[in-house]
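Asks: One structure is given below, represented as C-alpha cells, and several questions about it will come after.
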Amino acid sequence: MRITDLQYYLALATYRNFSQVSEKFEISQPTVSLAMQRLEKELGAKLILRQAAHKNVTLTHAGEVLRQHATLIVEQYQVAQTEIKRDSEESLLIGLPPIIQVAYFPAIATVLSDDSLAHLKTVEVGAQEAIDQLKNGELDASFVGYLDDIDQSEFNLIAFDEQPFAILAADDYPLVQTGSVSFEDIQDERFILLKGNFVHTQAFDQLARAAHFHANVLFNSSEPYGILSLIRQNRGIGFMVHHPALTFPGVTALPITDDDQPMFKVGFAYRKDIVLTDAQQQIFDELLAATKIGRPDHRTPPLEE
C-alpha cells in the first residue's frame, strides 16, 4: 500500500471531486483514479461511488472505515518523516512558554549537563500550540502551563508545580494598602498584561468575565521583565502567577480574593510513542529528573534589577 494513495484518498474523501484532488497534488485525474483502483483491489472492497461523469464521488461504508484509519496512518507517517529528518541533529526540541522559562527553567537547567544544555533547543509556545506540535512531531516534548486537566490519551504529563495568580502593582500604588484585591475592586484600573494565547490570558479572561467587566489594557508583552518594569513605573497593574522567581524590586504581589480562582499548573508533556536517539534520550532523561526542581520545595532566585 502506497502512502501517496492514502493521501490522495483522504483528499478525495474531503473534496469529493477528482479534479480538485488532481489540482491539489498537481497530478492528472487518471493518476488519482489508478490510486483508487489500487486501494480497492488491495482491500477487496468498493470504497467510492462515482457520480456525474466520474468527477464527483460518495464514500461507501468501507470507504468511511478506511478514511478513519487512513487519517491516523498518514498522520503517523508524517510524524515519522519529521522525526527522521531531525534524527541526525542529536538535539532535543522542546516547547518553553515565557513564564516557565523565567520562573522555572533556570533551576531546571542547573541539573542539566553542559552537553545536554548545548543540544537542547527551545521554542516559545502556549499550551495548546505545544500539544498540537507534539502531535505532529514538531516538538519532542514541552513544558506546559495550564488551567484545566490535559487529555493524556496520547501524552504523558508530569505535573510538578501549582501556584495561584496575583495582581501586581508598584509598592507605592494606592491599591497595595488594601493587602488583597478582588477583580470587582480593580475593574477601573489600567492593565499591563502578558500577550498571546498563553494560560495567563485564559485565567485573566475567566476572572474578568466572572466580575462582569472588560479590562482597560494599556499594553501587552510576552516579556515578563518588561511588564514588571512598567508596573514599577506606575503605568498600570499586572496579572501574573505568584511565584518567588517573579518577585521584582518595587513591585508588590496582591493575593486575589475571588471565589473559584484558576490555578497556574506546570507540567512536562511528551508523546507516549516518542522514539529518541541515544543522544536525545540522555537529554530527555535529564529533563525528566530535573522536573523535581520545579516542585514547591525548590525555588528559583528572584528577578534582579
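Asks: Which condition number does I48 fail, the rest of (1) touching a residue at least 40 places away in the same chain (Cβ under 8 Å); (2) in contact with an Asp or Glu (Cβ under 9 Å, 6 or more places away or on another chain); (3) open to solvent by less than 60 Å² (accessible area, probe 1.4 Å) being met?
Replies: (1)
Asks: Given the conditions (1) closer than 14 Å to Q280 by Cβ; (2) touching a Phe, Trp or Tyr at 6+ places or on another chain (Cβ under 6 Å); (3) of a type in the set (V, I, T), which single one is not true for I100?
Replies: Result: I100 fails condition (1) only.
Asks: Scan the range 253-265 and report the pairs whose first residue is within 26 Å of T291 (Cα to Cα) and whose second residue is crowded, with 16+ Cβ neighbours inside 10 Å and among the aromatic types (F, W, Y), with Cβ atoms within less than 9 Å and a gap of 6+ or a chain change.
Replies: Close Cβ pairs satisfying both conditions: Q261/F165; P262/F165; M263/F165; F264/Y146; F264/F165; K265/Y146.
Asks: Within the range 236-248, count every residue that is modelled with pLDDT of 95 or more and over 15 Å from H200 (Cα atoms).
Replies: Count: 1.
Asks: Further, regarding this structure: Those residues that are open to solvent by 50 Å² or more (accessible area, probe 1.4 Å) and either acidic (D, E) or at pLDDT below 90 (or both), I need them from the range 249-280; list them, please.
Replies: D259, D260, K272, D273, V275, D278
Asks: Would it be correct to say that T71 is modelled with pLDDT of 90 or more, closer than 30 Å to L10 by Cβ, out of contact with any helix residue (DSSP H, G or I) (no Cβ under 6 Å at 6 or more places or on another chain) and among the hydroxyl-bearing types (S, T, Y)? Break it down stepwise before answering.
Replies: On the way: modelled with pLDDT of 90 or more: no; closer than 30 Å to L10 by Cβ: yes; out of contact with any helix residue (DSSP H, G or I) (no Cβ under 6 Å at 6 or more places or on another chain): yes; among the hydroxyl-bearing types (S, T, Y): yes.
Here the answer is no, as T71 does not meet what is asked.
Asks: Filter the range 57-79 down to the residues that are touching a residue at least 24 places away in the same chain (Cβ under 8 Å), under 25 Å from the mean Cα position of the chain (by Cα) and open to solvent by 60 Å² or more (accessible area, probe 1.4 Å) and list them by number.
Replies: Filtering the range 57-79 down to residues touching a residue at least 24 places away in the same chain (Cβ under 8 Å) leaves 57-59, 63, 66-67, 70-71, 73-75, 77-79.
Then keep just the ones that are under 25 Å from the mean Cα position of the chain (by Cα); that gives 71, 73-75, 77-79.
Once the filter is applied, which keeps residues that are touching a residue at least 24 places away in the same chain (Cβ under 8 Å), under 25 Å from the mean Cα position of the chain (by Cα) and open to solvent by 60 Å² or more (accessible area, probe 1.4 Å), the range 57-79 yields I73, E75, Y77, Q78.
Asks: Moving to a separate point now. Kindly list the number of the only condition in (1) open to solvent by less than 40 Å² (accessible area, probe 1.4 Å); (2) assigned to a loop (DSSP other than H, G, I, E, B); (3) of a type outside the set (S, T, N, Q); (4) closer than 30 Å to E90 by Cα that fails for E138.
Replies: (1)
Asks: Taking the range 155-204, which residues are in a helix (DSSP H, G or I) and either open to solvent by less than 40 Å² (accessible area, probe 1.4 Å) or not β-branched (V, I, T) (or both)? Lay out the reasoning, then the answer.
Replies: Residues of the range 155-204 that are in a helix (DSSP H, G or I), as a first pass: 174-178, 199-204.
Listed by number, the residues that qualify are P174, L175, V176, Q177, V199, H200, Q202, A203, F204.
Asks: Taking A208 and the conditions (1) over 27 Å from T291 (Cβ atoms); (2) touching a helix residue (DSSP H, G or I) at 6+ places or on another chain (Cβ under 7 Å), which numbered condition does it fall short on, given that it satisfies the others?
Replies: Failed condition: (2).
Asks: What is the number of the single condition among (1) over 24 Å from F248 (Cα atoms); (2) part of a loop (DSSP other than H, G, I, E, B); (3) of a type in the set (V, I, T) that T122 does not meet?
Replies: (2)
The values are calculated or read from the model by the stated rules, or taken from the named source; none is laboratory data. Computed from a prediction, not measured in an experiment: that's the story for all the values here. With ideal geometry, Cβ positions are generated from the backbone for all residues, glycine too; neighbour counts draw on all protein chains shown. What goes into the accessible areas is simple: the full protein's heavy atoms, side chains included, and nothing from ligands, DNA or RNA. Shrake-Rupley method; radii C 1.70, N 1.55, O 1.52, S 1.80 Å.
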